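Inspection log for the structure reproduced underneath, given as structure tokens.
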């Protein structure tokens, strides 16, 4: 039996003002696995990683849609303790 994924990104989108930088990202990352995110410069790799740990919250005009789950908990849920990240 396969364990549930550790991180799930579900239809995640991110905009900075009117500029959409991530569009409908879907990804499952299993526990205890090495995972590489590869792509050309400027394609959104670092922005996606910053979204997982909510560092984009520091950007005033950043808006998100979709979900990022870690161990089944939505990191963008208002009740989620950001310090846990």
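Remarks
- Residue-span extension gain [residue 3 to residue 19] - 0.36 nm each, minus C-alpha spacing: 2.1 nm
- When 35, 47, 18 are arranged by Cβ crowding within 10 Å, least crowded first, meaning fewest neighbours, the order is 18, 35, 47.
- Helical contribution to [θ] at 222 nm, DSSP H n ≥ 4, -39,500 (n - 2.57), averaged over the chain, rounded to 500: -2500 deg cm²/dmol
- Highest-MSF residue in the chain out of 37, 68, 29 [GNM, Cα springs under 10 Å]: 37
- Gained length - residue 29 relative to residue 65, 0.36 nm times residue gap less alpha-carbon distance: 11.0 nm
- Prolate/oblate/rounded call for segment 29-74, Cα gyration tensor, a/c under 1.5 rounded: oblate
- Cα gyration tensor category, rounded, prolate or oblate, for the chain with a/c compared to 1.5: oblate
- Taking the chain as a Gaussian network of alpha-carbon nodes connected by springs under 10 Å, the highest mean-square fluctuation of the residues 49, 58, 27 belongs to 58.
Values in this text are rule-based calculations from the coordinates and carry no lab data. Here the structure is a predicted model, which means the values were calculated and not measured. Using ideal geometry, Cβ is built from the backbone for each residue, glycine included, and neighbour counts are taken over all protein chains shown.
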